[in-house]
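For reference, the structure discussed in these notes is given below.
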Amino acid sequence: MKSKAPYYFIALFLLFCLYLTCDGCDPEDMVYGCRISQGQCLCGRGCHMTYRYENRDECRAAIKGESQDSCSKSPCANNGVCIQTPAAYSKFKCRCEGTGFYGPRCQYACPRTIPLSMKNFPYECVEI
C-alpha cells in the first residue's frame, strides 16, 4: 500500500504558497505598491487598499508627513467612512453603507420607497 504522505506535503505546500500570495482581494484589485508598517515602508504586491502608495518615495513622504491625508478633512457627510485610495483624481472613497445615505460623499438621503422612475437603486440603501 502506498503512503499518502507525499500528497499531503504537496497539498500543504500549495496551501502555504497560496497563503503567502493571497491577501483576500480580487485579482483585478492587486497592485504593486508600498504600505507603512511599524514606521517603515514595505513594498510588494497586494490589495490596492493595503498597498496604497505607488512607490517607495511616496511612502517615505507619507511617513515624514509631507503627503496630504485626503481623509483628514472629513470629506464624507452623514457618518460616511472615508477610505484613502491610490486613485490619482480623488485619493479617497466614501463608504456609505448603513448610514441611510448614498453618493460620492454620502450626501443624498436614501429613498424610503423605490420610485418607478428610479432605474438603479443605490446599493448603499439596501437594508438586509
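Here, each number is a calculation from the coordinates, and none is a lab measurement. In this text, all values refer to a predicted model and were calculated from it rather than measured experimentally. Neighbour counts run over all protein chains shown; Cβ positions are idealised from the backbone, glycine included.
A straight Cα-to-Cα reach below 20 Å connects residue 93 with the aspartates and glutamates 26, 28, 29, 54, 58, 69, 124, residues fewer than 8 places away in its own chain not being considered.
The ranking of 114, 63 from fewest to most other beta carbons within 10 Å of each one's beta carbon is 114, 63.
Within a 10 angstrom radius of the beta carbon, how do 66, 127, 97 rank from fewest other beta carbons to most?
127, 66, 97
Here the gap between residue 71 and residue 123, fully extended at 0.36 nm per residue and compared with their Cα-Cα distance, gives a gain of 16.5 nm. Placing a pseudo-label 7 Å from each Cα along the Cα-to-Cβ vector at residue 110 and residue 42 gives an inter-label distance of 3.5 nm.
Coupling constants for the range 74-84 follow from the phi torsions by the Karplus curve (6.51 cos²θ - 1.76 cosθ + 1.60, θ = phi - 60°), and in residue order they are 6, x, 8, 8, 6, 6, x, 9, 8, 10, 6 Hz; glycine and proline get x.
For 101, 92, the sequence from fewest to most other C-beta atoms within 10 Å is 92, 101.
Once backbone amide H atoms are built at 1.01 Å from N, residue 55 has 34 as its partners under 5 Å, excluding neighbours fewer than 5 places away on the same chain.
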